[in-house]
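Have a look at the structure below before the remarks.
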Amino acid sequence: MGVLATFDAQATWAETHVCDSLVLGNLERLGATWGRWNVQTPWAADGSLAELLDTRRMELAQLHQRFGIESVDRIRLLPEAPGWPDRRLEWQRLHALDGSVVHWVLEGTLVIYLQTDSGYLGVLCEAGEWLAIPAGLRYARDAGEAPDLDLLVLSAPVGDIRPGTGVEGDPGLPSLDAFVETMLELTGHAADE
């Protein structure tokens, strides 16, 4: 299910969209896009990247054609991953790339925040879903306190990672855990305590 939340400049939650067409419509205004491919069987966590890429040749060819993808990195984060707290702080900082980047979630959940002129869009990506971010658009991401994430990061030729302009510092956007909790409450699916 596609989930997109809008936030104002102070990172206050404004609207929640769970309709694919509304998710896509909001993203298109930024030049970003989102999609989903059916994941019938999980990829082996210990499998090689080459084997994984071979099983998804068609999807990768589509991403290459659409976004000029030239490199693929696989990021596997497990609960209590060494160095995650420091790496997580880096992920949560807004930055932009000189080339397009696609985050394709193989397993687990990831929230990606995109900066807009008036605030932020938060996109929840689950297994099989991908988010393409155009060059120059500032974004941040989070995999949660105890990540269990298998992610492909596909990028076009990239120069420097740059902080860009606009809001400086931590905008106070919700962590993945807080995003999911709030989204479940707002959609009437909160777990009973």
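The values are calculated or read from the model by the stated rules, or taken from the named source; none is laboratory data. Everything numeric here is computed off the predicted structure, so don't read it as measured data. Every residue, glycine as well, gets a Cβ built from its backbone with ideal geometry; the counts of neighbours run over all protein chains shown. The accessibility values were calculated without ligands, DNA or RNA, using every heavy atom of the protein model including side chains. Shrake-Rupley method; radii C 1.70, N 1.55, O 1.52, S 1.80 Å.
Please give the calculated 222 nm ellipticity per residue for the chain, where each DSSP H segment of at least 4 residues contributes -39500 (n - 2.57) and the sum is spread over every residue; nearest 500 deg cm²/dmol?
-7000 deg cm²/dmol
Report the extension gain between residue 65 and residue 178 in nm, rounded to one decimal, defined as 0.36 nm multiplied by the number of residues separating them, less their alpha carbon distance.
Gain on stretching residue 65 to residue 178: 37.1 nm.
What do you reckon, how do 86, 150, 73 stack up by accessible area (1.4 Å probe), largest on top?
The residues order as 86, 73, 150, largest area first.
Go through 142, 177 and list them by solvent-accessible area, largest first, probe radius 1.4 Å.
Result, largest first: 177, 142.
Might you report the magnitude of the Cβ-based charge dipole of region 1-133 about its Cα centre, with Lys and Arg at +1 and Asp and Glu at -1, to the nearest 20 debye?
Computed about the Cα centre, the dipole is about 80 debye.
Can you work out the FRET efficiency for the pair residue 49 and residue 14, with r the C-beta to C-beta distance and R0 = 45 Å, to the nearest 0.05?
Approximately 0.70, to the nearest 0.05.
Roughly how many Å² is the accessible area per residue of region 61-117, as a whole number, for a 1.4 Å probe?
I get 51 Å² per residue for region 61-117.
How would 58, 183 rank on accessible area, largest to smallest, probe 1.4 Å?
If we order 58, 183 from most to least accessible, we get 58, 183.
Binning at 10 angstrom from zero up to the longest distance, how are the C-alpha pair distances of the chain distributed in percent?
Here the calculated profile for the chain is 9, 37, 40, 14, 1.
How much length would be gained if the chain were fully extended between residue 117 and residue 24, taking 0.36 nm per residue of separation minus their Cα-Cα distance, in nm to one decimal?
Computed gain between residue 117 and residue 24 is 31.7 nm.
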